[in-house]
Amino acid sequence: MGAAAQPSQNHLLGALPPAEAGRWMPLLEFVDLSLGQVLYESGAALAHVYFPTTAIVSLLYVLENGASAEIAVVGNEGIIGVSLFMGGESTPSRAVVQSAGQGFRLKAKVMKEEFNRAGPVLHLLLRYTQALITQMAQTAVCNRHHTLDQQLCRWLLLSLDRLQGTRLVMTQELIANMLGVRREGVTEAALKLQHAGLISYARGHITVLDRKRLEKRSCECYLVVKKEYDRLLPNKLAR
C-alpha cells in the first residue's frame, strides 16, 4: 500500500487492540477519495463504513429543495457511517469528500458484527459518536449565533486539524455550500481574513498563515469541539 496509505493513519484504526486489528486489517479495502465524491446519499442504505486517512469528508443535511448545509467534518480522527452501528441502515445526511485523499473502507456486515461483539470496538466507536454529536450540536449553534467570518475560522481550523500541513484545496463556492450561505458572503469573509494576514487565497487554494490569530478570531465553538475530541479519543487532534 505504501507509506502514504497505512490504516494506522486513521486514529480509530490505529487505536484497535491487537486482536481486533488482526481481524480487521485483511478486510480493509484501500480507497482513493476524490474531491466531490459522494460516499452515501440521504436515505440510502450504507454498504460500507469509511475511515479517512488523508481525505476530509463533509456530512451535509439536504433539504427538499436541494439546499444543503454542513453538520460535521470527518477526517483521520474518525469514521463515516455511524448510523450503521447505531441502529439504522441509512441516514438523512449526505457524505461528500471536501478534500481529496485516501482512506479505507469496511463492509457494513463486518462493521455490525464487530460492534455487536460488545468489546473494545464498541466503546471506542461510542466515544467517537459522542464527540461527533458534540460537533454537530456546536455547528448548529455556531451557524445560528456567530458571524460568517467566525464560522469560516471554525471551519478552517477543524479542517486543518484533519490534514497534514497548512494548505486546503477548496473553492469559495464549495465552502458556501458547506456553510449554507451565499458565495458572496464567503468571498467577503475570506477577504477579511486575507487582509488581516491570517490566510492567503488564490485559485481555490487556501493557506493558513497565522494559526494562532485564526484561533483567536474564531468563536468558542472550535475549542469546544476540539476539547471534546481530545477528551474522548486516542491520538488526539492537539497541535
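Among the helices (runs of 4 or more DSSP H) contained in the range 122-239, which hold 1 or more residues that are surrounded by fewer than 17 Cβ atoms within 10 Å (Cβ to Cβ) and more than 14 Å from the chain's Cα centre (by Cα)?
Details: elements: 148-160, 172-179, 183-195, 211-217, 221-232.
Qualifying helices (runs of 4 or more DSSP H): 172-179, 183-195, 211-217, 221-232.
Given the criteria in contact with a strand residue (DSSP E or B) (Cβ under 9 Å, 6 or more places away or on another chain), under 22 Å from Leu132 (Cβ atoms) and either modelled with pLDDT of 90 or more or among the hydrophobic types (A, V, I, L, M, F, W, C) (or both), does Leu233 qualify?
So Leu233 fails the test.
Leu124: at pLDDT 90 or above and more than 25 Å from Arg167 (Cβ to Cβ), yes or no?
Against the criterion (at pLDDT 90 or above and more than 25 Å from Arg167 (Cβ to Cβ)), Leu124 qualifies.
Where residues in the range 81-100 are in contact (Cβ under 8 Å) with a residue 60 or more places away in the chain and more than 21 Å from Cys142 (Cβ to Cβ), which of them is surrounded by the fewest Cβ atoms within 10 Å (Cβ to Cβ)?
Taking the candidates together, the pick is Ala100.
Mind checking whether some residue in the range 69-80 is surrounded by 16 or more Cβ atoms within 10 Å (Cβ to Cβ), polar (S, T, N, Q) and not assigned by TED's automatic domain parsing to the domain that holds Leu163?
yes
Which one is surrounded by the fewest Cβ atoms within 10 Å (Cβ to Cβ), of the residues in the range 101-121 that are at pLDDT 90 or above and among the small types (Gly, Ala, Ser)?
Filtering the range 101-121 for residues that are at pLDDT 90 or above and among the small types (Gly, Ala, Ser), the one surrounded by the fewest Cβ atoms within 10 Å (Cβ to Cβ) comes out as Ala108.
Suppose we filter Thr134, Thr91, Thr139, Thr166 for residues that are modelled with pLDDT of 90 or more and touching a strand residue (DSSP E or B) at 6+ places or on another chain (Cβ under 9 Å); which single one remains?
Thr139
Assess whether Arg203 counts as being touching a strand residue (DSSP E or B) at 6+ places or on another chain (Cβ under 8 Å), modelled with pLDDT under 85 and charged (D, E, K, R).
So Arg203 does not fit the description; no.
Output the qualifying pairs, or none if there are none: Cβ atoms under 8 angstrom, residues six or more apart or on different chains, first residue in the range 64-78 and more than 20 Å from Gln9 (Cα to Cα), second residue charged (D, E, K, R) and surrounded by fewer than 22 Cβ atoms within 10 Å (Cβ to Cβ).
What qualifies is Ser68/Arg94.
Please verify whether Ala55 is in the same structural domain as Val110 (by TED's automatic domain parsing) and surrounded by fewer than 13 Cβ atoms within 10 Å (Cβ to Cβ), treating the condition exactly as stated.
Numbers: in the same structural domain as Val110 (by TED's automatic domain parsing): yes; surrounded by fewer than 13 Cβ atoms within 10 Å (Cβ to Cβ): no.
Spelling it out, it is not the case that Ala55 is in the same structural domain as Val110 (by TED's automatic domain parsing) and surrounded by fewer than 13 Cβ atoms within 10 Å (Cβ to Cβ).
Given the conditions (1) under 19 Å from Tyr128 (Cβ atoms); (2) of a type in the set (Val, Ile, Thr); (3) out of contact with any helix residue (DSSP H, G or I) (no Cβ under 9 Å at 6 or more places or on another chain), report the number of the one that Val169 does not fulfil.
(1)
Looking at the range 23-34, is at least one residue buried (at least 20 other Cβ atoms within 10 Å of the Cβ), of a type in the set (A, V, I, L, M), at pLDDT 95 or above and within 12 Å of the chain's Cα centre (by Cα)?
No.
The values are calculated or read from the model by the stated rules, or taken from the named source; none is laboratory data. Predicted, not measured: the structure shown is a model, and the values here were computed from it. Every residue, glycine as well, gets a Cβ built from its backbone with ideal geometry; the counts of neighbours run over all protein chains shown.
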